[in-house]
């Protein structure tokens, strides 16, 4: 009778490429809270920065954040591949939310969105894309 001793393995959880440490989070929140926009375009982001996170924002403020503000801030913080994916997804949202959409551009936009999602799948977990 052979008894195999159980070896204890130590698993180290590493942070993904999209992880912000506390300094980067604080820097991002300071940049967001200092953002100035035209009157009545968005609410003041400064009042939404509470408990070290963005909370209680309206849907229009989220759209402005994704389409125009977020990609400019993460450019210097995240890895280049992740930044490129965020910039591309911001451009997708800009094209989708335009007042006038050219029907001929919809097919090229479908291809652009598919390429962008495949780029983001390299960096984010697969469960992020499943509804």
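A short reminder: the numbers here are calculations on the coordinates, not readings from a lab. Given the structure is predicted, the values throughout are model-derived calculations rather than measurements. Note: ideal-geometry Cβ built from the backbone for every residue, glycine included; neighbour counts use all protein chains shown.
When the alpha carbon gyration tensor of the stretch 80-131 is reduced to an equivalent ellipsoid, its three semi-axes come out at 22, 12, 10 angstrom, largest first. The relative contact order of the chain comes to 21 percent, based on Cα pairs under 8 Å that sit 6 or more residues apart. Take every pair of alpha-carbon atoms less than 8 Å apart whose residues are at least six positions apart; their mean separation over the length of the stretch 19-77 yields a relative contact order of 32 percent.
Each of 79, 28 has some number of other Cβ atoms within 10 Å of its Cβ, and from fewest to most they run 79, 28. Overall, the ratio between the Cα radius of gyration of the chain and 2.2 N^0.38 Å, rounded to two decimals, is 1.43.
Along each principal axis, taking the top coordinate minus the bottom one, the Cα set of the stretch 50-99 gives 32, 29, 11 Å in descending order.
Dividing the summed helix terms, -39500 (n - 2.57) for each DSSP H run of n ≥ 4, by the number of residues in the chain produces a 222 nm estimate of -13500 deg cm²/dmol to the nearest 500.
Result for the chain in a Gaussian network model with C-alpha springs under 10 Å: among 99, 46, 110, the largest mean-square fluctuation is at 99. Arranged from fewest to most other beta-carbon atoms within 10 Å of their beta carbon, 61, 105 become 105, 61.
Its residue count N sets the reference 2.2 N^0.38 Å, and the alpha-carbon radius of gyration of the stretch 19-77 equals 1.08 times that reference.
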